[in-house]
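Since the structure comes first, as structure tokens, the remarks are kept for the end.
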């Protein structure tokens, strides 16, 4: 059994995988850390790039991030699962940071982040990721959890097509010690560049509040897709 495994859900993420996978290969060299790429039906060459870097590649039958993450987790034998989006670069010390957190008694946690573009407004966004609050645990912060706790919680809720990351973190925090590592990951600002900072802020806030108030998954997903371009 490996100590830690990295699981990356993808859908047409070739350009990001070209950056992320070589970075991970360097940081995990000699550490017996499998990298799993769970593809949801990409039409680009995401799978070919994953294979080029010797990642374990899984092709799922549906483009559902919750489903892809669960499949990736179930296909690997590891003590710790680290779920990472393709457009997020973890800090160079992420393996040591995760191990240290678990040694201190935490069962799960996530990272704060900064954006890959300099902007006062984006800096304000990233500053808030340094604190624990109700909105902590979005996919951009990545997530690590022991495989035992992940199994006990039933993994990601596959009935969710959006907000599956917040749902799992909420369930984790109700049952297990959860930490926030302030050494930041680096996140792509592409959504803000394509849509504009104010628009993304308004829609993200609206979607999160609607989710907290119990809006249907269909409504949340359609509202998000109507106004924002990934």
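The values are calculated or read from the model by the stated rules, or taken from the named source; none is laboratory data. Quick caveat: nothing in here was measured; it's all calculated off a predicted structure. Neighbour counts are summed over all protein chains in view; Cβ atoms, including those assigned to glycine, are modelled from backbone coordinates with ideal geometry.
When you scan the stretch 27-121 for strands (runs of 3 or more DSSP E) that lie fully inside it, which ones turn up with 3 or more residues that are under 17 Å from the mean Cα position of the chain (by Cα) and at pLDDT 95 or above?
Details: elements: 35-39, 56-59, 78-83, 108-115.
Where strands (runs of 3 or more DSSP E) fall fully within the stretch 27-121 and carry at least 3 residues being under 17 Å from the mean Cα position of the chain (by Cα) and at pLDDT 95 or above, they are 35-39, 78-83, 108-115.
Is there a residue being touching a residue at least 60 places away in the same chain (Cβ under 8 Å) and under 30 Å from residue 104 (Cα atoms) anywhere in the stretch 186-208?
yes
Collect the residues in the stretch 1-44 that are in contact (Cβ under 8 Å) with a residue 12 or more places away in the chain, surrounded by fewer than 19 Cβ atoms within 10 Å (Cβ to Cβ) and farther than 20 Å from residue 190 by Cα, keeping them in residue-number order.
Scanning the stretch 1-44 gives 1, 2, 3, 22, 25, 27, 28, 31, 32, 34, 41.
For the stretch 68-90, name all the residues that are touching a helix residue (DSSP H, G or I) at 6+ places or on another chain (Cβ under 7 Å) and under 12 Å from residue 27 (Cβ atoms).
Once the filter is applied, which keeps residues that are touching a helix residue (DSSP H, G or I) at 6+ places or on another chain (Cβ under 7 Å) and under 12 Å from residue 27 (Cβ atoms), the stretch 68-90 yields 82, 89.
Restrict the check to the stretch 136-147 and report whether at least one residue is assigned to a helix (DSSP H, G or I), more than 14 Å from the chain's Cα centre (by Cα) and either crowded, with 17+ Cβ neighbours inside 10 Å or assigned by TED's automatic domain parsing to the domain that holds residue 98 (or both).
Yes, the stretch 136-147 contains at least one residue that is assigned to a helix (DSSP H, G or I), more than 14 Å from the chain's Cα centre (by Cα) and either crowded, with 17+ Cβ neighbours inside 10 Å or assigned by TED's automatic domain parsing to the domain that holds residue 98 (or both).
Yes/no per residue for (1) at positive phi; (2) buried (at least 19 other Cβ atoms within 10 Å of the Cβ); (3) not assigned by TED's automatic domain parsing to the domain that holds residue 178:
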{"residue": "72", "(1), (2), (3)": "no, yes, no"}
{"residue": "99", "(1), (2), (3)": "no, no, no"}
{"residue": "105", "(1), (2), (3)": "yes, no, no"}
{"residue": "124", "(1), (2), (3)": "no, no, no"}
